[in-house]
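The values are calculated or read from the model by the stated rules, or taken from the named source; none is laboratory data. Just so it is clear, the model here is predicted, and its values are computed rather than measured. Methodologically, a virtual Cβ is constructed for each residue, glycine included, from the backbone with ideal geometry; neighbour enumeration extends over all protein chains shown. For the accessible areas, the whole protein counts, side chains as well, though only heavy atoms, and no ligand, DNA or RNA atoms are used. Shrake-Rupley method; radii C 1.70, N 1.55, O 1.52, S 1.80 Å.
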Amino acid sequence: MEMTLSSSSAFSLPSTPSNPRSSFPLSSFKTSPFSKCRIRASLAVEQQTQQNKTALIRIGTRGSPLALAQAHETRDKLMASHTELAEEGAIQIVIIKTTGDKILSQPLADIGGKGLFTKEIDEALINGDIDIAVHSMKDVPTYLPEKTILPCNLPREDVRDAFISLSAASLADLPAGSVIGTASLRRKSQILHRYPSLTVQDNFRGNVQTRLRKLSEGVVKATLLALAGLKRLNMTENVTSTLSIDDMLPAVAQGAIGIACRSNDDKMAEYLASLNHEETRLAISCERAFLTTLDGSCRTPIAGYASRDKDGNCLFRGLVASPDGTRVLETSRISPYTYEDMMKIGKDAGEEILSRAGPDFFKS
């Protein structure tokens, strides 16, 4: 496990000036200020002992620009909520390289699924090398490791997917045979279901900057990225258009940040409780109940989204598809916006899909 230490003052997140796009040349993709974070984050080994003694909270995170943006959002909220954490060196960010970050040549499904982006961070948490772990919730397996809890979700960002292309305004405008790049079977299946004449390259992996570079180099004609990530990176000027929920149901927990700590660390749990956004936590719990019931993995395209409707109730929508998009099963539920009711409808929706799909559906 590789770890890099950073003090809380080593980073800043400068805002990217607005740059509305009237034309879209290859050079117009905007990169995030976080693209150089790894260099700025590295500190001399001799500083680590001193920092370990003074830090009140060590935040564990992956080293991608998006992961660092999420860690900094967490840090800033902690500093704003607790005066003792606003002091110099009170919070450190520890960058941990995960297996999923190291192996980019294979689809996630072939190398073990989503837990690859959390396993090493969870191990560092359990071993006491960090105090809290910041995750993209869609990467968190449905079962947490022993000795850990995840009591906090930050307010959810926009859950929709963004369409990005240099040559077309939307998926519908792409000529037959056009290649779309994505690492998501969920996106692939929904694209092919609606636009079977398109081709999907499904090992289009890498961070946001890498995928935009591949697009500008002509490797693919278009790609889809989570709008939440682009917003957190101040890179929304790269968005060609935004897909509606009806056109592309999001991944379970898309746009949500989850923060874990050790189950016996009452102080960290207290800090995290002060940041928790309960409406988001309930929605994520509902979606993950759906996913757990389906025993979903990266080999099965699954989508799920819980939101509060105009009457204050929870509206849940779930979807399961075959990877080639030829078969799509959808369902929906409405319940009061309470934990028990939302867990119930998530599970119930999953059980309905299982009964409709049949035993062979998830073996494809």
Seminar exercise, completed: Between VAL219 and LEU329, the FRET efficiency computed from the C-beta separation at R0 = 45 Å comes out, to the nearest 0.05, as 0.90
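Under the Kirkwood approximation applied to all pairs of distinct alpha-carbon atoms, what is the hydrodynamic radius of segment 138-193 in Å?
Values: mean 1/r = 0.0668 Å⁻¹.
Hydrodynamic radius (Kirkwood, Cα pairs) of segment 138-193 is 15.0 Å.
Measuring with a 1.4 Å probe in the full set of protein chains, what accessible area per residue, in whole Å², belongs to segment 214-364? Don't jump to the answer; show the numbers that get you there.
Details: 6190 Å² over 151 residues.
Computed with neighbouring chains in place, this is 41 Å² per residue.
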Seminar exercise, completed: Looks like segment 260-341, by Cα gyration tensor root eigenvalues a ≥ b ≥ c and the a/c under 1.5 rounded cutoff (else prolate when a/b is bigger than b/c, oblate otherwise), is oblate
For this session: Between LYS231 and SER167, with labels modelled 7 Å along Cα→Cβ, what's the label distance in nm to one decimal, could you check?
Result: 3.1
Problem set entry | Of the GluC sites (Glu not before Pro) in segment 119-222, those whose Cβ has at most 12 other Cβ within 10 Å and which sit in DSSP loop | GLU146, GLU217
Exercise. Full extension from ASN264 to ILE245: what is 0.36 nm times the residue separation minus their Cα-Cα distance, to one decimal in nm?
Worked result: 2.9 nm
For this session: Of the listed pairs LYS97/LYS188; LYS77/LYS267; LYS97/LYS347; LYS119/LYS344; LYS231/LYS344, which have alpha-carbon separations greater than 25 Å here?
Result: LYS97/LYS188; LYS97/LYS347; LYS119/LYS344; LYS231/LYS344
Problem set entry | Percent accessible area from carbon and sulfur atoms, segment 113-270, protein chains only, probe 1.4 Å | 47
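Could you calculate the FRET efficiency of THR83 with ALA176 from 1/(1 + (r/R0)^6), where r is the beta carbon distance between them and R0 is 41 Å, rounded to 0.05? Write down the numbers at each step before the final one.
On the way: r = 60 Å, r/R0 = 1.47.
Plugging the Cβ-Cβ distance into 1/(1 + (r/R0)^6) gives 0.10.
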Problem set entry | Theoretical gain in end-to-end length, ARG194 to HIS277 [0.36 nm per residue, Cα-Cα removed] | 26.4 nm
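Quick one: if the Förster radius is 45 Å, what FRET efficiency do ASP129 and TYR339 give, using the C-beta to C-beta distance and rounding to 0.05? Present the calculation step by step, with values, prior to reporting the outcome.
Details: r = 32 Å, r/R0 = 0.71.
My answer for the efficiency is 0.90.
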